[in-house]
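Notes follow once the structure below has been shown.
The values are calculated or read from the model by the stated rules, or taken from the named source; none is laboratory data. What you see is a predicted model; the values in this text were computed from it and never measured. Methodologically, a virtual Cβ is constructed for each residue, glycine included, from the backbone with ideal geometry; neighbour enumeration extends over all protein chains shown. Each accessible area value is taken on the protein alone, full model and side chains, heavy atoms only, with ligands, DNA and RNA left out. Shrake-Rupley method; radii C 1.70, N 1.55, O 1.52, S 1.80 Å.
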Amino acid sequence: MKQAPFDLEFNKILRGFRNESAPSLFKLGQDFYKKLLNFFVLGDSYYFILNHQSFTIELVSKEVEDVLGYHPDEFDMGFMNEKIHPDDRSWFLAFGNSVVNFFSHLPIEKFTKYKVRYDIRLRKSDGKFIRILYQGILIEHDENGGFLRTLNVHTDISYLKHEGTPVLSFIGMDGEPSYYNVALDNVYIESKDELTRREIQVLKLLIEGRFSKEISDILHISKQTVDTHRKNMLHKKHLSNTGELIGKAIRHGWI
């Protein structure tokens, strides 16, 4: 997903957490945040505090420099969103919608009894992507249930999960049930209409295991034209080979 549409949808989701009539916020001590970190699975990680009223990050731990290579002063919501892998942005937006929906069905007194967990890929300062396990917990809300602050932890789990689609879970605490690998109601999948009708025909036959010569015979076009369609699809989807094209088409339902 391209950055501009992603930013627009992300801002819509953030408004789902916000309560415009919330009272002024107060600062919590860093010792309080450090105690809360005991709730999280930690490895090579950093934490940050998100203010849901101003959509700003109030505090970032210095370990962000060790994990991602960025100085804490660089790290804000816009900066972080730019670092999300383009293929994971649709999942990130879907997670946001699902989190809003989940908490909208919870009694307010249970808000702080759930930890949100999902994985996403972020780009480091050296240009390489690593898989981050996000874990977040609400630490302040107003009397109407409006989110005020969340404590968030990013942990590098690249050594545990090399590939596969991101997953979302809600982890219950204090006896509350947990919900793993939550089904997503709204995934912002890239439109298959970006591919032409002929490209989709070629893609279907590729998924069936057909070779270019077979496809040319079936569609009554030259093998060179088939190869051109294949190259065009790889270029449009920013992929390096046909195997990646087929795998992503199946996972994301392009046909």
* Residue selected from region 112-133 under the condition open to solvent by 30 Å² or more (accessible area, probe 1.4 Å) and among the hydroxyl-bearing types (Ser, Thr, Tyr), by the criterion farthest from residue 80 (Cα to Cα) -> 112
* To do: Test residue 108 against the stated conditions and say whether it is closer than 18 Å to residue 172 by Cβ, among the aliphatic types (A, V, I, L, M) and touching a strand residue (DSSP E or B) at 6+ places or on another chain (Cβ under 8 Å).
  => yes
* Look through region 58-70, keep the residues that are open to solvent by less than 30 Å² (accessible area, probe 1.4 Å) and not in a helix (DSSP H, G or I), and return whichever of them is farthest from residue 80 (Cα to Cα). => 61
* When both residues are 6+ apart or on different chains and their Cβ atoms are under 7 Å apart, which pairs have a first residue that lies in region 130-147 and is of a type in the set (Asp, Glu), and a second that is part of a loop (DSSP other than H, G, I, E, B)? -> 142/19; 142/22; 142/23
* Hey, residue 102 at pLDDT below 60 and on the phi < 0 side of the Ramachandran plot or not -> no
* Go through region 99-145 and count every residue that is touching an Asp or Glu at 6+ places or on another chain (Cβ under 7 Å) and farther than 21 Å from residue 179 by Cα. => 3
* **Sole residue being surrounded by fewer than 17 Cβ atoms within 10 Å (Cβ to Cβ), modelled with pLDDT of 90 or more and under 17 Å from the mean Cα position of the chain (by Cα), chosen from 82, 74** => 82
* Asked: Assuming residue 225 fulfils every condition listed in (1) over 30 Å from residue 138 (Cβ atoms); (2) modelled with pLDDT under 90; (3) among the β-branched types (Val, Ile, Thr) apart from one, which condition is it?
  -> (2)
* Structure fact -> Those residues of region 93-111 that are among the polar types (S, T, N, Q) and farther than 22 Å from residue 80 by Cβ come to a total of 2
* Asked: Of all residues in region 147-188, which are modelled with pLDDT under 90 and within 18 Å of residue 47 (Cβ to Cβ)?
  -> 173
* Asked: If residue 38 passes every condition in (1) at pLDDT 90 or above; (2) exposed (fewer than 15 other Cβ atoms within 10 Å of the Cβ); (3) part of a helix (DSSP H, G or I) but one, which one does it miss?
  -> (1)
